[in-house]
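Student: Once you've had a glance at the structure underneath, I'll fire off some questions.
The values are calculated or read from the model by the stated rules, or taken from the named source; none is laboratory data. In this text the structure is predicted, and so the values were computed from the model without any measurement. Virtual Cβ from ideal backbone geometry, glycine too; neighbours counted across all protein chains shown. The area values use the complete protein model at the heavy-atom level, side chains included, leaving out ligands, DNA and RNA. Shrake-Rupley method; radii C 1.70, N 1.55, O 1.52, S 1.80 Å.
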Amino acid sequence: VVQKLTQMIGKNVKLYDMVLQFLRTLFLRTRNVHYCTLRAELLMSLHDLEISEICTVDPCHKFTWCLDACIREKFVDNKRARELQGFLDGVKKGQEQVLGDLSMILCDPFAINTLALSTIRHLQDLVGQDTLPRESPDLLLLLRMLSLGQGAWDMIDSQVFKEPKMEAELITKFLPMLMSFVVDDHTFNVDQKLPSEEKGPIPYPSTIPEAFTKFLQENRIACEIGLYYILHITKQRNRNAFLRLLPALVETFSDLAFSDIFLHLLTGNLTLLSDEFALEEFCASLFDGFFLTACSRKENVHRHVLRLLLHLHHKVAPAKLESLQKALEPTKQSGEAVKELYNQLTEKLELRKPSPAEVTETPSMELPLPTVPTPASR
């Protein structure tokens, strides 16, 4: 698609502007963030082809190029952070509309992914340095860019081109709370390594602060960072931390925890915890406490759960698998994709059951051996 568009536009600035206008309109109408991906991809494609006629007139060119390099490396380092900040601070009076385009480029899920993961890494570094979030300019810049990306739709819709105001509590309360989770992990791990006589009977903290759940429900940026923190601990195979924070995902800001982008990443990371699926407690928290709360009202959740079970059904205890199979049965309203996945899962489970025919045949395998006369009976 990108190549076709690039060929059609060629070196024609007018055509390029028209395509961008279409992308803005489509993004407004559908709220589909992948139009933002296309906006950035298109510019990078023209950059790769060295079409300077367009690149030099697009005010977002250098910013997008720099951000693209960060996305490829999955991290925003300090040098690039300063470059990106320079572009943001360089938006002149009278040219504020550029912010609308910059916000679209920052709203691309690949950009959000990079910014959120960089934020988590920064928070871990700050724990090691005994530094608070408010004292880190690099972290504040990441939040500023996340906020601009998350506000893209509202900015283009309202045509009010100014950066969204950052809520102080995000920096003074929410991020320190995430850092305290990192500290809980470290403390627990160190305690586990102590010789048994020095060990205190420290259980892993199982409660979550009420404020954490509230932030995830009411603050979009806190929700995004919280979700990426959960993806991070899942990837680290940290079962304790995952089970502790999972209940907070049932109600999130505009149901972000049940969005395709998050579920795609989460189910991918959950395959790393495959051995845990044999445990009743783990399955109850994950399926009953999280996935099944939304399956009936959100078809995409139904689809993701079936896909996850297709990969991991052999790990789940038979009784649990049976109840999940009943709970996930498609309704008349279910789409074709759900029905197809359910049928695939049913087939796989049928293959694993010993068939009744085999059961009756098994004894016949043990035929009585022909009686051979023993030396004594001769």
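Student: Please list 3J(HN,Hα) in residue order for the range 237-249, calculated via the Karplus relation 6.51 cos²θ - 1.76 cosθ + 1.60 where θ = phi - 60°; whole Hz, with x for glycine and proline.
Tutor: With the stated coefficients, the range 237-249 comes to 6, 8, 4, 4, 5, 5, 5, 5, 8, 3, x, 6, 8 Hz.
Student: Another question, if that's okay. Let me check something: with ligands and nucleic acids excluded, how do 56, 234 order by accessible area (1.4 Å probe), largest to smallest?
Tutor: Values: 56 110, 234 0 Å².
Largest accessible area first, the list is 56, 234.
Student: Rounded to the nearest 0.05, what FRET efficiency do residue 340 and residue 45 have when you use their Cβ-Cβ distance and R0 = 56 Å?
Tutor: Values: r = 34 Å, r/R0 = 0.61.
So, using R0 = 56 Å, E works out to roughly 0.95.
Student: For residue 172 and residue 129 in the same chain, what is the full-extension length gain: residue separation times 0.36 nm, less their Cα-Cα distance, in nm? Let's see the in-between values first.
Tutor: Details: separation 43, 0.36 × 43 = 15.48 nm, distance 1.70 nm.
Gain in length upon complete extension: 13.8 nm.
Student: Charges on Cβ only, +1 for Lys and Arg, -1 for Asp and Glu, centred on the Cα centroid of the range 51-95; of 78, 54, 65, which one is farthest towards the dipole's positive end?
Tutor: Ranked along the dipole, the leading option is 78.
Student: Could you please tell me the mean projected area of the C-alpha convex hull for the chain, averaged over all directions and given in square nanometres to one decimal?
Tutor: 31.4 nm²
Student: Could I ask something else about it? Which ³J(HN,Hα) values in Hz, rounded to whole numbers, follow from the phi angles of the range 133-140 under the Karplus curve 6.51 cos²θ - 1.76 cosθ + 1.60, where θ = phi - 60° and Gly and Pro get x?
Tutor: Residue by residue, the range 133-140 yields x, 5, 8, 10, x, 5, 5, 4 Hz.
Student: Right, another one. I'd like the orientation of helix 34-48 relative to the chain: the angle between its Cα long axis and the longest Cα principal axis, in ° from 0 to 90, rounded to 10.
Tutor: Once rounded, the angle reads 70 degrees.
Student: Using only Cα atoms, tell me the angle between helix 336-352 and the longest principal axis of the chain; keep it within 0 to 90° and round to the nearest 10.
Tutor: Helix 336-352 and the main axis of the chain meet at about 30 degrees.
Student: Now for a separate question. Only residues of the range 26-60 count here: report those whose backbone N is under 16 Å from the spot 7 Å along Cα→Cβ of residue 15, or say none.
Tutor: So the set is 42-43, 45-47, 49-55.
Student: Can you find, among 7, 346, 129, the residue sitting farthest towards the positive end of the charge dipole of the chain, where Lys and Arg contribute +1 and Asp and Glu -1 at Cβ?
Tutor: Working it through, the farthest residue towards the positive pole turns out to be 7.
Student: Nearest 10 degrees, 0 to 90: what angle lies between the long axis of helix 109-129 and the longest principal axis of the chain (Cα atoms)?
Tutor: With both axes taken from Cα atoms, the answer is about 80 degrees.
Student: Amide H of residue 166: which non-local residues (sequence gap of 5 or more, or other chain) have their own amide H closer than 5 Å, using H built in the peptide plane?
Tutor: Residues meeting the criterion, in which the H sits 1.01 Å from N, do not exist here.
Student: Label points 7 Å out from Cα along the Cβ direction at residue 184 and residue 154: separation in nm?
Tutor: About 2.9 nm, to one decimal.
Student: Run the dipole for the range 259-349 about the Cα centre, Lys and Arg Cβ at +1, Asp and Glu Cβ at -1, nothing else charged, and hand back the magnitude in debye, nearest 20.
Tutor: Working: 10 positive and 12 negative charges, 51 e Å.
The dipole of the range 259-349 has a size of about 240 debye.
Student: Now a separate question. Using 0.36 nm times the number of residues separating residue 237 and residue 3, minus their current alpha carbon distance, what extension gain do you get?
Tutor: Values: separation 234, 0.36 × 234 = 84.24 nm, distance 3.91 nm.
Taking 0.36 nm per residue and subtracting the Cα distance, the gain is 80.3 nm.
Student: Okay, next question. Which Cys residues of the chain have no other Cys beta carbon under 4.7 Å away?
Tutor: Isolated Cys, the chain: 55, 60, 66, 70, 223, 283, 295.
Student: Residue by residue, what Karplus-based ³J(HN,Hα) values in Hz, rounded to whole numbers, does the range 98-107 have, using 6.51, -1.76 and 1.60 with θ = phi - 60° and x for Gly and Pro?
Tutor: Values, residue by residue: 4, 4, x, 5, 4, 5, 5, 5, 7, 8 Hz.
Student: What does the accessible area of residue 235 come to, in Å² to the nearest 10, when a probe of 1.4 Å is used?
Tutor: 130 Å²
Student: Now for a different question. Computed over the Cα atoms of the range 259-349, what is the convex hull's projected area averaged over all directions, in nm²? Don't jump to the answer; show the numbers that get you there.
Tutor: On the way: hull surface 21.2 nm².
For the range 259-349, the mean projected area of the Cα convex hull comes to 5.3 nm².
Student: Let me ask something else. With +1 assigned to the C-beta of every Lys and Arg and -1 to the C-beta of every Asp and Glu, and no other charges, what is the dipole magnitude of the range 179-257 about the Cα centre in debye, to the nearest 20? Provide the component values of the computation, followed by the final result.
Tutor: Numbers: 8 positive and 10 negative charges, 51 e Å.
Around 240 debye, computed over the range 179-257.
Student: Rounded to the nearest 500, what is the chain's calculated 222 nm mean residue ellipticity when only DSSP H runs of at least 4 contribute -39500 (n - 2.57) each, over all residues?
Tutor: Working: 21 runs with 244 residues, N = 378.
Here the helix-only value at 222 nm equals -20000 deg cm²/dmol.
Student: For the chain, set up a Gaussian network in which alpha carbons nearer than 10 Å are linked by springs, and say which option among 15, 102, 310 fluctuates the most.
Tutor: 15
Student: Where the only charges are on Cβ atoms (+1 Lys, Arg; -1 Asp, Glu), what is the dipole of the chain about its Cα centre, to the nearest 20 debye?
Tutor: Numbers: 42 positive and 49 negative charges, 115 e Å.
With Lys and Arg at +1 and Asp and Glu at -1, about 560 debye.
Student: Sticking with this one: In the full protein assembly as shown, how much of residue 18 is accessible to a 1.4 Å probe, in Å² to the nearest 10?
Tutor: 100 Å²
Student: Where the centre of each part is set by its Cα atoms, how far does the range 282-319 sit from the range 172-222, in angstrom?
Tutor: The range 282-319 and the range 172-222 have Cα centres separated by 26 Å.
Student: Give the residue from 105, 182, 212 lying farthest towards the positive end of the charge dipole for the chain; charges sit on Cβ (+1 for Lys and Arg, -1 for Asp and Glu) and the dipole is referred to the Cα centre.
Tutor: Positive-end residue among those listed: 105.
Student: Oh, and also: Within the range 85-124, list the residues whose amide N lies under 20 Å from a label point set 7 Å along Cα→Cβ of residue 211.
Tutor: 120, 123-124
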